[in-house]
Amino acid sequence: MQSWWKQFLVSVAVMGVVALSAQPSMAHPHVFIDMKTAFRFDDEGRLDALRVTWIFDEFYSAYAVDGAPKTNGTYDEKYLAALAEENLKNLAEWNYFAEVKAGGAPVETGEALDGLSTWDEEAGRLSLTFTLPLKVPQAALDGATVNVRIFDPSYYITIDYVSDDPVSLAGGQHQGCSVAIAVPEVEQVWTSLPEIAFTNPDSQLGANFASTATLSCGPEKS
Amino acid sequence: MKRRACAALLLTLVICACGSVAWAQNTLPMPAGTSPAEAPGMFSGIMRYIMAMQQDYYRSMAGALRAVNLQGSAAAAWTLASLSFLYGIFHAAGPGHGKVVVASYILADEREVRRGILVAFLSALAQAVTAITAVGLLSLILGLTHRTTAGAVPYIERASFVLIACLGAWLIWRAVRGGHGHGHSHDHHHDHAHEHAHLPTPAELKKAKGFREMAAMILSVGLRPCSGAVLVLLFAVTQGAFLIGAASALIMSLGTAITVSVLAVLTVFSKNAALAIARRTDSPWAARIEPILMAGGGAVILLFGVLLFAGTFTGPASPLL
């Protein structure tokens with residue numbers, strides 16, 4: 001009798017250990033955002049803001065506008081404005097998922113301005129556009145590049161640049177400036193990340209999948 | 001010495017069978033930071049890639065469903081059907097779909113490949129039917145919004161998790177009650193001798209009990225709607241195309257059934273191999289292996305049900321939802 005129980009407990013322990021230790025990842029994106037970013041410059045040729053446009057996937061779009069009155073294929077302006085405001089209010093806590101660095105050092109960004117939601121009836125997709133000002137404008141001269149990454153650290157949302165015209169330059173003086181986008185090899189990231197990146201909520205999983213936009217100005221482009 | 005070697009071999013096979021359960025297992029809500037920081041094995045790398053693939057299919061399904069609804073062409077319908085099927089296959093590798101419960105149940109109390117596959121298909125179908133019924137009722141008939149309907153899903157899931165835990169407890173109870181004194185390894189050899197008996201034999205009674213358990217399992221697993229089907233159905237409702245969504249959900253369940261079947265078959269084979277060796281040994285493990293497996297499988301199901309139930313109280317925090 002006694003040995004029966006011993007064996008039973010050993011079996012349960014073995015099953016438990018095997019079942020618990022072989023846990024594959026759970027984290028994967030549920031919301032897909034296609035992004036465009038305009039880099040805005042001041043008159044002295046410094047980057048002073050980002051104008052970010054997010055085009056949500058069809059599922060999230062349908063979800064966000066569900067139940068709202070629709071006339072002539074679009075939603076009430078007031079409704080869309082309230083939606084943009086609410087989204088941006090919530091996103092403020094996460095700093096709009098934006099990470100800006102100049103010459104490797106973090107650059108602070110302020111509260112989002114001029115939020116605007118629009119509805120594309122043909123595609124069935126909602127978009128959100130907002131301006132993210134830099135607290136201190138940055139010059140991307142002499143190889144001191146400005147790097148921008150916009151990502152959800154939890155990777156609940158995946159944010160990827162659109163393939164056509166993902167970035168543009170706007171505003172004052174931006175002669176000699178250009179933006180390059182580096183997109184990570186997603187397949188490789190999925191298969192090579194350590195397990196802890198998926199199980200630890202503080203691991204900034206989304207950062208591994210984030211594209212980096214690099215702004216460089218001046219005659220000696222790299 | 002020989003006995004010990006046999007016991008070791010047996011244990012290895014049991015672990016193989018457990019491996020199938022482990023493979024099935026990827027929904028346990030784990031406490032943060034419990035895994036060591038090491039590079040993933042090839043296997044978990046592949047699992048992750050599968051997750052990424054299913055998200056691609058998922059994403060494409062939105063456009064395909066809209067195309068079927070707006071154009072109504074056969075080509076669009078074919079695209080949606082293919083995407084639904086493929087999505088189902090990959091989606092079932094992710095959380096849910098009764099993989100842990102089906103595999104543990106087979107480990108505990110099933111040895112026929114055919115029935116293992118039947119269980120996989122019926123529970124997949126049940127999950128699709130639950131999703132169609134839930135979304136149809138809440139969203140279409142009661143006219144609740146997308147958000148409210150999605151918010152109701154965890155309550156349905158909770159009921160499923162409670163039933164899963166009960167099933168686990170029942171298997172343990174049966175194992176402990178039947179585990180005194182005599183082993184069951186010879187019962188099945190008597191089946192054929194009693195084929196034409198008019199009174200139910202002990203073997204037949206056992207089989208009937210097996211069917212009851214199978215039905216209980218399909219019910220408990222099937223009560224949890226397929227998460228992929230719910231998302232597609234909710235989207236279909238917003239497009240005024242519930243029936244297209246329902247068709248997609250049913251095709252999807254064929255895909256999930258295939259994945260769960262593969263797991264079920266692997267589990268049956270591992271278990272039968274372990275039992276075959278057990279019969280040839282005189283190790284103390286041999287006579288006890290069936291009740292041990294039943295109790296062990298029951299314990300995994302019970303633990304799983306409880307953890308899933310607890311997991312429904314913590315959701316992901318996201319600024320957009």
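The values are calculated or read from the model by the stated rules, or taken from the named source; none is laboratory data. This is a predicted model, so every value here is computed, not measured. Note: ideal-geometry Cβ built from the backbone for every residue, glycine included; neighbour counts use all protein chains shown.
Computed values, structure above
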quantity: Any chance A:Pro24 is assigned to a loop (DSSP other than H, G, I, E, B), at pLDDT below 55 and surrounded by 22 or more Cβ atoms within 10 Å (Cβ to Cβ); calculated: yes
quantity: Residue list for segment A:122-149, filter: surrounded by fewer than 16 Cβ atoms within 10 Å (Cβ to Cβ) and within 14 Å of another protein chain (Cβ to nearest Cβ); calculated: A:Glu122, A:Ala123
quantity: Any hit, segment A:108-121, residues being exposed (fewer than 13 other Cβ atoms within 10 Å of the Cβ) and either aromatic (Phe, Trp, Tyr) or without any contact (Cβ under 8 Å) to a residue 12 or more places away in the chain (or both); calculated: no
quantity: Filtered residue count, segment A:132-149, keeping only those that are over 20 Å from A:Ile181 (Cβ atoms) and within 17 Å of the chain's Cα centre (by Cα); calculated: 1
quantity: Only one of B:Val260, B:Val268, B:Val300 that is within 12 Å of another protein chain (Cβ to nearest Cβ) and either modelled with pLDDT under 85 or within 21 Å of B:Val129 (Cα to Cα) (or both); calculated: B:Val300
quantity: Residue within segment B:101-112 that is surrounded by fewer than 18 Cβ atoms within 10 Å (Cβ to Cβ) and assigned to a helix (DSSP H, G or I) present; calculated: no
quantity: Some residue of segment B:79-91 being outside any helix (DSSP H, G or I) and of a type in the set (S, T, N, Q); calculated: no
quantity: Number of the condition not met by B:Met53 [criteria: (1) more than 14 Å from chain A (Cβ to nearest Cβ); (2) free of Cβ contacts under 8 Å to residues at least 60 places away in the same chain; (3) over 27 Å from B:Asn272 (Cβ atoms)]; calculated: (1)
quantity: Residue list for segment A:111-149, restricted to those being assigned to a loop (DSSP other than H, G, I, E, B) and on the phi > 0 side of the Ramachandran plot; calculated: A:Gly124, A:Asp142, A:Gly143
quantity: Single residue of B:Ser227, B:Ser248, B:Ser253 found to be touching a Cys at 6+ places or on another chain (Cβ under 7 Å) and either within 11 Å of chain A (Cβ to nearest Cβ) or under 27 Å from B:Tyr155 (Cα atoms) (or both); calculated: B:Ser253
quantity: For B:Thr27: the one exception among (1) in contact with a Leu (Cβ under 8 Å, 6 or more places away or on another chain); (2) modelled with pLDDT of 80 or more; (3) of a type in the set (Ser, Thr, Tyr); calculated: (2)
quantity: Tally, over segment A:88-106, of residues that are at negative phi and either touching a residue at least 40 places away in the same chain (Cβ under 8 Å) or part of a strand (DSSP E or B) (or both); calculated: 9
quantity: Verdict on B:His91 being buried (at least 24 other Cβ atoms within 10 Å of the Cβ), within 14 Å of the chain's Cα centre (by Cα) and at positive phi; calculated: no
quantity: Cross-chain or 6+ apart pairs with Cβ under 7 Å, segment B:108-120 first and hydrophobic (A, V, I, L, M, F, W, C), then surrounded by fewer than 22 Cβ atoms within 10 Å (Cβ to Cβ); calculated: B:Val113/B:Val265; B:Ile117/B:Ser261; B:Ile117/B:Val265; B:Val119/B:Met214; B:Ala120/B:Ser261
quantity: Test: residue in segment A:80-98 that is surrounded by 13 or more Cβ atoms within 10 Å (Cβ to Cβ), under 29 Å from A:Ala180 (Cβ atoms) and basic (Lys, Arg); calculated: no
quantity: Matching residues in segment B:136-148 - criterion: being of a type outside the set (Gly, Ala, Ser) and away from chain A (no Cβ under 14 Å); calculated: B:Leu137, B:Ile141
quantity: Selection count where residues are free of Cβ contacts under 8 Å to residues at least 60 places away in the same chain and at the interface with another protein chain (Cβ under 9 Å from one of its Cβ atoms), scope segment B:149-158; calculated: 0
quantity: Scan of segment B:214-234 for residues that are among the hydroxyl-bearing types (Ser, Thr, Tyr) and surrounded by fewer than 21 Cβ atoms within 10 Å (Cβ to Cβ), ordered by number; calculated: B:Ser227
quantity: The one condition in (1) more than 10 Å from chain B (Cβ to nearest Cβ); (2) of a type outside the set (Ser, Thr, Tyr); (3) closer than 17 Å to A:Leu132 by Cα; (4) without any contact (Cβ under 8 Å) to a residue 60 or more places away in the chain that A:Ile55 fails to fulfil; calculated: (4)
quantity: So A:Leu91, is it of a type outside the set (Phe, Trp, Tyr) and under 15 Å from A:Phe130 (Cβ atoms); calculated: yes
quantity: Subset of segment A:150-207 (residues that are among the acidic types (Asp, Glu), out of contact with any Phe, Trp or Tyr (no Cβ under 8 Å at 6 or more places or on another chain), within 14 Å of chain B (Cβ to nearest Cβ) and in a loop (DSSP other than H, G, I, E, B)); calculated: A:Glu185, A:Asp202
